[in-house]
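One structure is given below, encoded as structure tokens.
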Amino acid sequence: MSELRPETRAVHLPRPVIKGSVPISVPIYQTSGFVFDDPEVFADGMSRPDGAFVYGRLSNPTVRSLEEAVAGLEGGVASVATASGMGAINSVLLGLLKPGDHLIAQKALYGGTAAMINDLASRFGIAVTHVPGDDPAALRAAVRPETRLVYLETIANPVCQVADLPAMCAAAKELGLVSVVDNTFASPILCRPLEHGADIVVHSTTKYLSGHTDVLGGIAVFAADELYRKVWHYAIELGSTPDPFAAWLTLRGMQTLPLRMERHCANTRVLATRLAGHPAVSAVHWPGLPTHASHEVAVKLMPEFGGVFSFDLAGGRAAGERFMSALKLALLAPSLGGVETLVLHPATTSHRSLSAEELARHGISEGTVRVAVGIEHAEDLWTDFAQALA
């Protein structure tokens, strides 16, 4: 390039090619596209997810590393990373459903998912039936000729109902339906839905997978190649692809996922158990407690019961607001799965779009407080909760 003028040299920078060694950490490929010598390889890469890297919206080496890593954790054949958890959910639902189809969803769902399903019904004419996540008989009874898909959550947000994945996925398979499971609250450390018969697993990687409250992301993992390719084609047209730096942050966070999940679960056990005996608390919703309706299902499905729980204050919404305002260590903030403990009021935040009837169906009251437990020392957290309750 020595014969080129400075204006041209400033544009055409040298591109390093690594030979004879491999980087320890996955590099960030912060480029929108890739250069080719062969037009046929270029054209082939545009048409399939496992071809050459062509354009950032289709594929990127850093993003593919994340996709392969999460597919490996979940036991899937491949995955599609997205820019948010809702990006993954929308890519799957919009990629697989069409007007006139019927969707069966469990009654208790994340508020964003519930709002999305309501939108599918009103705008696209997709019928929706809600059933309990642990009742395969209700699933069978809800099936119609136009039913295409069953949507479940391993641990539902925010009152932590646990889906009977083996029974529900077996029923879906018997009926020829695609089963989709949101595994965000459990993470692949506590549960791998594909092992229980699910066809697709979705995550908000914003949460436990990245684990540090500094990145947005989502991912869909597939048990079969056919579904993977179908959703990939839709996702790239939808434009839900993540930025490579976001993918890199998620990969970095995933390396400590097993250690963090152990601490999240241990801390949650301390808080949930003590709150269950507190006079200001009318109910605690955590499947690790024998009193929880999903406890028996959870014991069969998972080695531990997650780092999120909710509880109902006897004084209703006013008591919940006083409690959250009095906290000094735990933070009043959205999201979950980070190293910090976060609290929120579901009825006015995560599930704000639901009607009073829908909130009741989800088991959410005006006094419900959701807690996403971090990795602080458990006794420091309990001291903070005790003083706030007082």
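Any read-out appearing in this document is the output of simple, stated calculations on the displayed coordinates, not a laboratory observation. Keep in mind the model is a prediction, meaning the values are calculated, not measured. A quick note on method: Cβ atoms are made from the backbone with ideal geometry, for glycine too, and the neighbour counts reach across all protein chains shown.
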Mind pulling the angle between the C-alpha long axis of helix 61-74 and the longest principal axis of the chain? Nearest 10 degrees, somewhere in 0 to 90.
40
Given that just one value was derived from the coordinates, which of (1) 20.9; (2) 22.1; (3) 20.4 is Kirkwood radius over Cα pairs in Å?
(2)
Stretched fully, the stretch from A43 through K19 gains (0.36 nm per residue minus C-alpha distance, one decimal, in nm) 6.0 nm
Against the longest alpha carbon principal axis of the chain, how many degrees, from 0 to 90 and to the nearest 10, is the axis of helix 244-254 turned?
50
In debye, nearest 20, what is the charge dipole magnitude of the chain about its Cα centre with +1 on Lys and Arg Cβ and -1 on Asp and Glu Cβ, if you could check?
380
What FRET efficiency do you get for H295 and S122 if R0 is 30 Å and r is their Cβ-Cβ distance, rounded to the nearest 0.05?
0.25
Bin width 5 Å, alpha-carbon pairs only: give the P(r) of the range 125-199 as whole percents, running from 0 to the bin holding the largest distance.
3, 17, 30, 25, 16, 8, 2, 0
Around G338 (Cβ within 10 Å, Cβ-to-Cβ, excluding G338; K/R +1, D/E -1) the net charge comes to 0
So which residue, out of Q161, Q30, Q106, gets the largest mean-square fluctuation from a GNM of the chain using Cα contacts under 10 Å as springs?
Q30
Sort 210-219, 48-57, 284-293 by packing, meaning the average of other beta carbons within 10 Å per residue, with the highest value first.
210-219, 284-293, 48-57
Restricting the calculation to Cα positions, tell me the Rg (one decimal) and the Dmax (whole number) of the range 246-390 in Å.
15.3, 46
When ranked by the protection proxy of mean other Cβ atoms within 10 Å per residue, highest first, what sequence do the peptides 236-242, 77-83 form?
77-83, 236-242
Please report, in debye to the nearest 20, how large the charge dipole of the range 16-162 is about its Cα centre when each Lys and Arg carries +1 at its beta carbon and each Asp and Glu carries -1 there.
360
Taking a cut-off of 17 Å, what percent of all Cα-Cα pairs in the range 95-159 are separated by more than that?
38
Helix-derived mean residue ellipticity, 222 nm - over the chain, DSSP H n ≥ 4, -39500 (n - 2.57), to 500
-11500 deg cm²/dmol
To the nearest 10 degrees, how steep is helix 165-174 against the longest Cα principal axis of the chain, on a 0 to 90 scale?
60
Go ahead and run the numbers for FRET between A266 and R322, Cβ-Cβ distance against an R0 of 30 Å, rounding to 0.05.
0.60
When the C-alpha atoms of the range 39-250 are aligned to their principal axes, what extent does each axis show, in angstrom, from largest down?
53, 36, 29
Could you tell me the extents of the range 39-89's C-alpha atoms along the three principal axes, largest first, rounded to whole Å?
35, 22, 17
In nanometres, what is the gap between the two model label sites at S353 and V339, each 7 Å from Cα along Cα-to-Cβ?
3.3
